[in-house]
Amino acid sequence: MHDDSETGPEVDAWELFALAACQPLRGHPNCFVAPQLDPSAAVRALKTYLRPRPDELLLAIIEQPGPTGPVPACTITSQRVCWPGGDSPRSGHALAFDELPESVRVVGSLDTTLDLGHRHSLPLRSTESNDAAEALAGVLSTLSQARRSGDLAGSTSRDALNRARAEIGHVVRQAAALHQVDGEVRSFQADVQAATPRVVVTPTLIASCLIVFVAMVLSGISILSPSVPSLIAWGGNVGAAVAIDGQFWRLLTSVFLHGGIIHLAVNLWVLSRIGPLVERLYGNVGFALLYLAAGLGGALASAWWHPLVVSVGASGAIFGLIGGLGAFLLSHRAAIPAPVVASVRGGVIAFVVYNTLFGLAIPGIDNAAHLGGLASGFVAGLLLQRPWPVARPTAGLIRQLLGGLAVASALLLLGQFVNAQVRRNPEILALLDQELRKPLRDYQNLAEAMRPSLQRFDTINTELDDLLNRMRQTPTIEPTDRAQIDSLLAEGDANQAALSQIEADDPDLLAMRDAILAAQEALNRSLQALARHLDQPAEHPALDAPDGFLTLRNESIEQVNRFQRRRQNYLKTHGLVEVPPDAADDDEAPDPPAP
């Protein structure tokens with residue numbers, strides 16, 4: 001160590017030289033030289049491959065363009081060069097300067113690579129030009145040669161040394177802060193690992209959303225823009241259906257549906273980024289309760305705000321995870337180091353911006369679910385807190401279960417409030433009025449369609465009764481009487497055909513039509529039996545036989561009674577008229593009615 005009166009702090013000559021040797025990297029894209037290090041680049045390096053030693057300074061960080069933003073390339077410290085690689089995403093390689101070749105070469109044209117010797121290479125695949133690669137190769141060659149020879153004189157320019165002397169104090173303090181941050185990150189990582197050893201709920205939720213979406217696509221639904229009816233059929237959230245029809249399951253199923261592959265990809269990307277951290281903070285059980293509470297809370301908010309539109313997606317639940325993270329930070333302000341917060345901030349901001357714009361731009365999607373999920377997640381997060389640091393994974397489980405009961409109670413009260421508000425919504429009141437009037441309209445339409453047939457049925461029965469009375473009073477059958485039976489039978493066949501053409505959507509109304517149709521059919525068969533009896537009395541002596549006139553006429557009357565009972569029950573069920581309590585059970589045979 002030596003004391004330089006111009007620089008102030010006591011520094012090592014090699015560290016001063018190494019900082020000066022890195023000056024040629026200044027000005028190149030994505031190259032940061034201490035003390036002008038980009039904090040985000042430092043966080044990305046610490047999160048992936050860089051494990052700084054306590055006795056080394058961080059001198060330069062090099063990144064390269066990636067598909068979604070800058071990605072780490074390498075870091076130069078006062079002792080070595082480090083770069084990503086290895087068997088896992090958070091591992092890397094490192095070589096001391098005296099392990100590098102004296103001349104580091106740039107190889108390749110499309111995929112630029114630095115040959116570091118010892119079968120090591122540093123890939124710079126996305127470099128747009130070789131200028132930065134050549135500068136990096138030159139810096140590493142300078143450091144390698146100086147480390148091997150021990151001769152620091154003449155290896156760098158005087159301007160570079162002067163700048164290094166002026167900045168070395170800042171670099172030393174920056175390194176100390178970096179080591180402190182790295183220690184905090186490592187300590188926090190150890191705490192969250194001990195608190196929740198395995199992340200199982202997040203991948204399960206991701207897999208569930210993927211499976212549902214694949215099933216939807218395989219059923220023929222559009223992969224880019226599913227139609228509103230298809231989303232409703234698969235369980236999309238519609239406030240009117242929840243409040244009026246009691247389809248409460250839609251509040252949950254809608255959380256696992258998505259409005260296209262882009263909607264799904266954005267939600268699952270953010271869930272994969274933020275989910276593991278929140279799950280480790282709250283534990284597997286607490287995280288599951290938090291996610292469900294936020295999803296249901298967001299769905300209830302959407303049902304209240306827009307009860308006539310369909311809402312789908314996990315975004316409300318994911319907003320709830322952001323709210324839960326905020327609740328944790330409020331309760332344990334110093335627990336999460338700044339680099340960890342910074343690492344999720346970008347994804348969170350992108351998610352919030354995308355979903356907000358998506359909700360404003362796409363018809364049928366609103367932001368109420370997002371805000372409702374955010375608020376629900378924050379409240380649930382406060383109630384599902386565990387002591388921190390967590391001594392063991394099951395610590396605070398009873399407290400979380402009690403918190404879950406409190407969350408469930410709050411959601412139940414919220415559901416009752418939303419249900420009441422939806423039912424007071426003017427649009428819903430108009431729909432309810434239409435729904436209440438629909439049974440009456442349907443009944444009136446059926447009655448109008450059946451009126452001529454019922455009148456004809458009544459006329460046939462009246463004329464048949466008159467004919468039977470005349471036949472009882474005369475000993476012989478007149479030809480005109482026999483002809484009248486054929487005429488009544490022809491009218492009955494025509495009436496039966498007319499009744500069979502009448503349609504109704506309501507099964508109860510259709511059953512009413514079927515009853516009077518069966519009455520007409522039995523009446524026709526009774527007329528046929530009467531005609532056979534008159535034509536061949538010897539072969540058809542018994543009018544009360546199973547297929548005789550009287551038996552079939554009684555069957556027709558019973559079908560009329562059945563029609564009356566179904567009619568009365570329909571009117572009573574829909575509150576259309578006041579019906580005496582025993583009227584629907586009356587077994588007497590009234591005259592054929594006309595509604």
- So for Arg250, Arg525, what's the accessible-area order with a 1.4 Å probe, most first? Arg525, Arg250
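Which order do the peptides 203-212, 69-78, 550-559 come out in when sorted by mean C-beta neighbours inside 10 angstrom, highest first?
Working: 203-212: 15.5, 69-78: 22.1, 550-559: 18.9.
Taking the mean over residues of other Cβ atoms within 10 Å, the ranking is 69-78, 550-559, 203-212.
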- Query: What is the chain by shape, rounded, prolate or oblate, if you read a ≥ b ≥ c off the alpha carbon gyration tensor as root eigenvalues and call it rounded for a/c under 1.5, prolate for a/b larger than b/c, and oblate otherwise?
  - Reply: prolate
- Please report the base-10 log of the normalised intensity I(q)/I(0) for the stretch 149-305, using a Debye sum with one equal scatterer per alpha carbon and no solvent, at each q in 0.20 (1/Å). -1.25
- For the stretch 423-531, using Cα atoms only, the Rg and Dmax in Å read 20.3, 75
- What share of Cα pairs, in percent, lie more than 16 angstrom apart in the stretch 29-75? 32
- Query: Can you give the convex hull volume per residue for the Cα atoms of the stretch 129-236, as a whole number of Å³?
  - Reply: 290
- Message: So for each of 493-502, 28-37 I average, over its residues, the number of other beta carbons within 10 Å; can you give me the resulting order with the highest mean first?
- Response: 28-37, 493-502
- Looking at Gly259, Leu224, Leu95, which one has the Cα that reaches farthest to the positive end of the dipole of the chain (charges on Cβ: Lys, Arg +1; Asp, Glu -1)? Leu95
- Query: Contour minus end-to-end for Leu224 and Asp505, with contour as 0.36 nm per residue of separation and end-to-end as the Cα-Cα distance?
  - Reply: 97.7 nm
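Tally Lys and Arg at +1 and Asp and Glu at -1 over the other residues with C-beta under 13 Å from the C-beta of Asp493: what net charge comes out?
Numbers: positive: Arg456, Arg525; negative: Asp486, Glu491, Glu521.
Its environment carries a net charge of -1.
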- Message: How much accessible area per residue does the stretch 247-319 have, counting only protein heavy atoms and a probe of 1.4 Å, in square angstrom?
- Response: 30
- Query: Each residue of the stretch 554-560 in order: what ³J(HN,Hα) in whole Hz does its phi give by Karplus 6.51 cos²θ - 1.76 cosθ + 1.60, θ = phi - 60°, with x for Gly and Pro?
  - Reply: 5, 4, 4, 5, 5, 5, 5
- Task: State the extension gain, in nm to one decimal, for the chain segment bounded by Asp493 and Ala406, taking 0.36 nm per residue of separation less the distance between their alpha-carbons.
- Result: 24.4 nm
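In deg cm²/dmol, rounded to 500, what helix-only [θ] at 222 nm does the chain give when every DSSP H run of at least 4 residues adds -39500 (n - 2.57) and the total is split over its residues? Don't jump to the answer; show the numbers that get you there.
Details: 17 runs with 365 residues, N = 595.
For the chain, the value works out to -21500 deg cm²/dmol.
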- Suppose every K and R has +1 on its Cβ and every D and E has -1 on its Cβ; what is the size of the dipole of the chain about the Cα centre, in Debye to the nearest 20? 2680
- Using alpha carbon centroids, what distance separates the stretch 36-51 and the stretch 196-268, in Å? 37
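The values are calculated or read from the model by the stated rules, or taken from the named source; none is laboratory data. Predicted model only: the values in this text are computed from it and were never measured. Every residue, glycine as well, gets a Cβ built from its backbone with ideal geometry; the counts of neighbours run over all protein chains shown. Just so you know, the surface numbers come from the protein's heavy atoms only, side chains and all, with ligands and any DNA or RNA stripped out. Shrake-Rupley method; radii C 1.70, N 1.55, O 1.52, S 1.80 Å.
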